[in-house]
Amino acid sequence: MPPRPKPKRILLKLSGEALMGDQAFGIDDKIVARFAGEIAEVARTGTEVALVIGGGNLFRGMAISAKGGDRVTGDHMGMLATVMNALALEAALAREGLEARALSAIEMPSICETYVHRRASWHMSRKVIVVLAGGTGNPFFTTDSGAALRALELECDALLKGTQVDGVYSADPQKDPEAVRFEHVTFQEAIAKGLAVMDTAAFALARDNGLPIIVFNVHEPGALARIVAGEAVGTLVSAG
């Protein structure tokens, strides 16, 4: 079993759905505040943090194409949803007393900074938390792919994927009671077995560039801090 990394610079990927709490739609302020508190705890230890947030709690671009609509338009609308979530997280982190910056891959200078990788890296070197929105800025790419890309651009030590379950399973544990949880899985195994925790493009990017991914339950209190400390939380996806 490979040792767990003790990352000094991380990218945390959150789904938009994680922000809903028990609601059917939108942003639950209590959930956002709790996430901000957990991120603040890690940041105060000196860990440099980047965040990528999805937009599924507000809009899913695939919903338009599934009904025969234009995929490009749908994806652009989904990107705008991620910006709204990023602004909510930026504000919540500010309430924790931390400096945070929302940066969008789509230019909207009156609302937030435009993502430029050197600017984002500079913010992180100053212990500013960067909240990266707008995916890659291009349609046909998921926020998972965007997270892998940004983690590599910003030279992060690990990509942490916060999910609704406590790791990678052989099947959906909410549907299959016999699903088995993996403590470690290689990129190739994840792709070959179709373990749908992240999309294939994200796995391939991480595999080809040696970026470890840790999949964990984002709703488990203290899990983020334990991961940064090197504890075996969730599932490690790595080259070997």
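Summary of values
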| read-out | value |
| --- | --- |
| Unmet requirement for Ala147, which otherwise passes all of (1) under 21 Å from Ile27 (Cβ atoms); (2) not acidic (Asp, Glu); (3) not in a helix (DSSP H, G or I) | (3) |
| Any hit, region 208-231, residues being closer than 26 Å to Arg34 by Cα, more than 15 Å from the chain's Cα centre (by Cα) and of a type in the set (S, T, N, Q) | no |
| Filter pass, Ile31 being hydrophobic (A, V, I, L, M, F, W, C) and at pLDDT 90 or above | yes |
| Hits in region 110-144 (condition: among the β-branched types (Val, Ile, Thr) and not in a strand (DSSP E or B)) | Ile111, Val116, Val128, Thr136, Thr142, Thr143 |
| Region 1-18 - residue that is hydrophobic (A, V, I, L, M, F, W, C) and at pLDDT 95 or above and, of those, surrounded by the most Cβ atoms within 10 Å (Cβ to Cβ) | Leu11 |
| Matching residues in region 159-198 - criterion: being under 20 Å from the mean Cα position of the chain (by Cα), in a loop (DSSP other than H, G, I, E, B) and surrounded by 15 or more Cβ atoms within 10 Å (Cβ to Cβ) | Val165, Asp166, Gly167, Leu195, Val197, Met198 |
| Exclusive hit being modelled with pLDDT of 95 or more and within 23 Å of Phe216 (Cβ to Cβ), set Asn85, Asn57 | Asn85 |
| Conditions (1) under 25 Å from Arg71 (Cα atoms); (2) hydrophobic (A, V, I, L, M, F, W, C); (3) in contact (Cβ under 8 Å) with a residue 60 or more places away in the chain: number failed by Met124 | (1) |
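The values are calculated or read from the model by the stated rules, or taken from the named source; none is laboratory data. As the structure is a prediction and not an experimental result, all values here were calculated from the model. Counting neighbours? That spans all protein chains shown, and the Cβs are built from the backbone with ideal geometry, glycine included.
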